[in-house]
Amino acid sequence: MSDNFNKIYKDSLEKPEEFWREISNDIFWFKKPTKILNKSNPPFYKWFEDGVTNTCYNALDVHVENGKGNKTALIYDSPITGKKSKHSYKELRDKVSKFAGALINQGIKKGDRVIIYMPMIPEAVIAMLACGRIGAIHSVVFGGFASNELASRIDDSQAKILITASCGYEPNRVVEYRPLVDGAIKLAKHKLTKVIFYQREGNEIKLNGPNEISWDESLSNAKSIDCLEMNSNDYSYILYTSGTTGIPKGIVRDIGGHIVALKWTMKNIYNIDEDDIWWSASDIGWIVGHSYIVYAPLFKGCTTVLFEGKPVGTPDAGAFWKIISDYKVKSLFTAPTAFRAIKKEDPKGEYFSKYDLSNFKSLFLAGERADPDTIKWAENLLNVPVIDHWWQTETSWAISSNCTGIEMLKTKYGSACKAVPGYDVKVIKPDQTLAKPNEMGDIVVKLPLPPGTFPTLWRADERYKNNYMSNYKGYYQTYDAGHIDDDGYIWIMSRTDDIINVAGHRLSTGAIEEVLSEHQSVAECAVIGIADKLKGQLPIGLIALKAGVEKDNDSISKECVQMVRDKVGPVAAFKTVIIVKRLPKTRSGKILRGTVRKIADNEKYKMPATIDDPAILDEIKEDLLKNKILQE
Ligand code: COA
Ligand code: AMP
């Protein structure tokens with residue numbers, strides 16, 4: 001291996017303050033920081049604490065000031081509606097400053113929380129940036145979540161207003177936001193002062209009463225507003241993610257560290273320069289969408305694509321190739337599941353051959369483990385490097401990756417490559433000792449984490465400390481397990497908590513269990529994620545009924561499926577309920593979910609020494625066979 005990557009990586013760990021001080025010179029500061037890292041109160045670290053800057057200024061104004069106002073910032077393409085548009089940096093800056101004025105007219109001040117529950121349209125990006133402009137903290141909620149999830153985010157963030165749209169479009173249906181928003185408002189204890197609806201052409205809705213206003217109306221008497229000077233450690237957003245219980249965790253992002261780190265990644269990880277076209281095919285409701293549809297490409301000053309469509313079905317398995325070809329995209333970032341969907345529909349790549357992809361240089365995958373078959377299929381088809389990299393909502397940028405702008409390392413199929421500069425990744429065994437190369441254990445990152453990672457959880461410092469920073473003193477616990485090999489390559493094998501990954505979407509099985517337990521016939525339940533060829537994992541529910549239930553099993557199963565759809569949302573893709581006589585448990589009463597998962601996936605398993613009644617496992621096996629989850 002050449003020394004370029006090694007040297008930069010070593011510098012980042014040995015002299016983190018010098019390393020990040022130098023990089024921080026690349027962003028715009030109203031006042032440059034003199035204090036780079038405050039380590040006085042671990043595990044709460046502060047990057048660039050006396051710096052003064054603004055997220056929106058770094059995303060838009062700085063490029064306009066530097067004479068790049070006419071350059072395209074945002075390309076919107078919606079194969080679902082047939083709409084396309086382009087915004088230059090100046091046009092986007094002007095729209096954002098006007099909408100910032102509209103937010104101020106609605107009483108939004110620095111530090112107030114604003115929920116954004118919107119489809120993939122430019123107005124969603126405008127709303128996010130407008131919050132940053134005036135120092136409001138946005139919390140984007142993914143459109144595939146139902147009222148309950150939206151309500152819990154309204155309550156936890158104590159948001160003042162909610163910005164939504166009249167509808168979203170999925171390939172087979174229109175997503176009406178009104179009933180979902182109304183449901184959430186009813187459920188939430190905290191009261192919003194206003195809901196702003198963006199009316200989508202052809203699907204406008206009637207607004208009710210003084211608490212609702214249309215996007216256009218809110219702009220009618222709004223003034224354009226300049227960027228507010230913000231402290232580097234103020235928060236730019238809260239993004240809720242699945243925790244180990246049904247209560248989502250509010251991951252917060254600071255301002256200065258976020259801009260510094262994300263801008264650096266565009267060149268160093270993704271090899272993207274200002275003149276390049278970049279596309280992240282995700283959703284703004286997820287961290288990938290926050291960081292790589294919106295923030296990092298705009299901080300970099302390149303062009304980013306906002307795609308309202310799917311890899312298949314909008315209209316066909318050539319949708320990705322069309323976008324890449326039409327806009328001369330240099331690199332694409334998406335989840336492996338998107339490629340599995342394309343591969344399933346077009347295994348020979350017949351759609352691919354219809355397009356000119358001569359500008360396309362690399363494909364990045366994350367969100368779930370990229371299986372070697374999918375990587376090899378994509379490599380053969382695209383004839384460009386396919387890079388699996390690993391990261392989390394908590395970090396907002398990759399923990400491990402091939403840093404293609406520094407030095408292209410060799411691919412090892414199944415590994416997410418090496419730790420990125422800034423991250424000191426280790427594996428710890430259950431006996432709390434550091435693992436040797438190739439030994440499995442919990443993957444942790446030595447503190448302090450680099451800039452841009454979460455400084456705490458929203459109004460939950462103790463939860464931050466207890467959940468992530470306590471099991472291994474001096475380390476951040478990622479809740480991923482795996483090993484690091486002799487060459488320093490990281491292999492992510494599984495989660496160590498109850499999180500599952502469904503089509504690249506992070507879900508808590510605990511949250512689904514909470515919903516199932518509310519069904520009046522359910523005595524107890526277990527939700528596990530089983531392997532799925534398309535989505536990576538799929539949740540299935542095993543339920544044991546209360547004594548004396550007379551309702552037929554089929555109706556109970558259907559009701560349970562509907563409850564999860566209504567309470568968690570369609571994104572859970574929860575379709576299978578198996579009614580069992582009993583659930584296998586340890587003698588102390590803990591349900592043996594891991595063992596059931598292994599049986600369902602036809603993996604070898606050891607009979608747990610603490611099992612209460614081994615015969616139950618045979619019953620479960622029978623039930624899984626009957627329901628065709630397990631094949632003979
Ligand atoms: N708003 C409302 N509903 C949504 C939604 C949104 N933004 N996104 C998804 N849903 C719904 C879908 O319509 C579907 O509903 P259905 O049960 O009525 O069919 C359900 O949630 C499950 O969606 P999904 O898991 O996306 O499955 P799918 O079968 O519709 O599509 C893929 C499968 C692989 C094509 C799709 O998951 C995909 O494009 N993945 C790309 C990867 C990605 O974006 N990952 C995000 C993190 S990087
Ligand atoms: P999210 O916070 O939604 O980005 O999900 C983060 C989780 O997704 C991680 O903790 C991993 O379990 C999983 N994940 C993300 N990227 C990868 C990857 N490249 N390989 C394996 N798992 C991944």
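The values are calculated or read from the model by the stated rules, or taken from the named source; none is laboratory data. A quick note: this is a predicted structure, and the numbers were derived from the prediction, not measured. Here Cβ is always computed from backbone atoms with ideal geometry, including for glycine, and neighbour counts include all displayed protein chains. For the accessible areas, the whole protein counts, side chains as well, though only heavy atoms, and no ligand, DNA or RNA atoms are used. Shrake-Rupley method; radii C 1.70, N 1.55, O 1.52, S 1.80 Å.
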In the stretch 503-626 the accessible area split gives carbon plus sulfur, as whole percent at 1.4 Å, a share of 49 percent
Too long for a 31 Å Cα-Cα cut-off, among 35/426; 71/343; 410/446, are 71/343
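Show 93, 200 ordered by accessible area, largest first, where the area counts protein heavy atoms only and the probe is 1.4 Å. Provide the component values of the computation, followed by the final result.
Details: 93 40, 200 15 Å².
Heavy-atom accessible area, descending, gives 93, 200.
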Applying the gyration tensor rule to the Cα atoms of the stretch 204-250 (axes a ≥ b ≥ c; rounded if a/c under 1.5, else prolate if a/b exceeds b/c, else oblate), the class is oblate
Any residue on another chain or 5+ positions along whose placed amide H is under 5 Å from the amide H of residue 364 is listed here as 332, 333, 334, 387
Result for the chain: accessible area per residue, probe 1.4 angstrom, in square angstrom, of 40 Å²
Under the 7 Å Cα-to-Cβ spin-label approximation, residue 355 and residue 211 lie apart by a distance in nanometres of 4.4 nm
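Kindly provide the GluC sites (Glu not before Pro) of the stretch 176-255 that DSSP labels as loop, not H, G, I, E or B, and whose Cβ sees at most 11 other Cβ atoms within 10 Å.
201
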For 393, 411, the accessible-area ranking with a 1.4 Å probe, largest leading, is 411, 393
With label points set 7 Å from each Cα along the Cα-to-Cβ direction at residue 4 and residue 439, the distance between them in nm comes to 3.5 nm
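Please work out the FRET efficiency for the pair residue 174 and residue 517, using the Cβ-Cβ distance as r and a Förster radius of 30 Å; give the result to the nearest 0.05. The partial results should precede the final answer.
Values: r = 32 Å, r/R0 = 1.06.
Step by step, r from the Cβ atoms, then E = 0.40.
Quick check on the stretch 503-626: take the gyration tensor over C-alpha atoms, sort the square-rooted eigenvalues as a ≥ b ≥ c, and tell me if it's rounded (a/c under 1.5), prolate or oblate. Walk me through the numbers before you get to the answer.
Details: a/c = 1.73, a/b = 1.14, b/c = 1.51.
Note, shape of the stretch 503-626 comes out oblate.
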Rounded to the nearest 5, the percent of DSSP beta bridges in the stretch 503-626 running antiparallel is 70 percent
Once the in-chain neighbours fewer than 8 apart are removed, the lysines whose Cα is under 30 Å from residue 551 read 567, 575, 581, 585, 590, 621, 626, 628
Full extension between residue 18 and residue 31 adds, at 0.36 nm per residue less the Cα distance, a length in nm of 2.9 nm
For residue 118, the accessible surface traced by a 1.4 Å probe with all protein chains present amounts, in square angstrom to the nearest 10, to 0 Å²
Partner aspartates and glutamates whose C-alpha sits under 16 Å from that of residue 223, ignoring same-chain residues fewer than 8 away, are 91, 94
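Report, to the nearest whole %, how much of the accessible area of the stretch 115-220 belongs to carbon and sulfur atoms, 1.4 Å probe, protein only. The partial results should precede the final answer.
Numbers: 1900 of 3740 Å².
For the stretch 115-220, the apolar C and S fraction of the accessible surface comes to 51 percent.
Among bridges DSSP assigns within the chain, what percent are antiparallel (round to 5)? Mind dumping the intermediate values first?
Values: 58 of 97 bridges.
Rounded to the nearest five, the antiparallel share is 60 percent.
Out of the GluC sites (Glu not before Pro) in the stretch 527-618, which ones are loop residues according to DSSP with at most 13 other C-beta atoms within 10 Å? Write down the numbers at each step before the final one.
Details: sites: 550, 559, 603; in loops: 550, 603.
Those satisfying the criteria are 550, 603.
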Taking a straight Cα-to-Cα line shorter than 18 Å from residue 348, and setting aside same-chain lysines fewer than 8 residues away, one finds 322, 376, 533
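At most 13 other Cβ atoms within 10 Å and a DSSP loop assignment: could you name the trypsin sites (Lys or Arg not before Pro) in the stretch 550-621 that fit? Before the final figure, lay out each step's value.
Working: sites: 551, 558, 565, 567, 575, 581, 582, 585, 587, 590, 593, 597, 598, 604, 606, 621; in loops: 551, 575, 581, 582, 587, 590, 604, 606.
For trypsin sites (Lys or Arg not before Pro) across the stretch 550-621 that sit outside H, G, I, E and B with at most 13 neighbouring Cβ atoms in 10 Å, the list reads 551, 575, 581, 587, 590, 604, 606.
Let me know the volume per residue of the alpha-carbon convex hull for the chain, in Å³.
Numbers: hull volume 100.9 nm³, N = 632.
Normalising the Cα hull of the chain by residue number yields 160 Å³.
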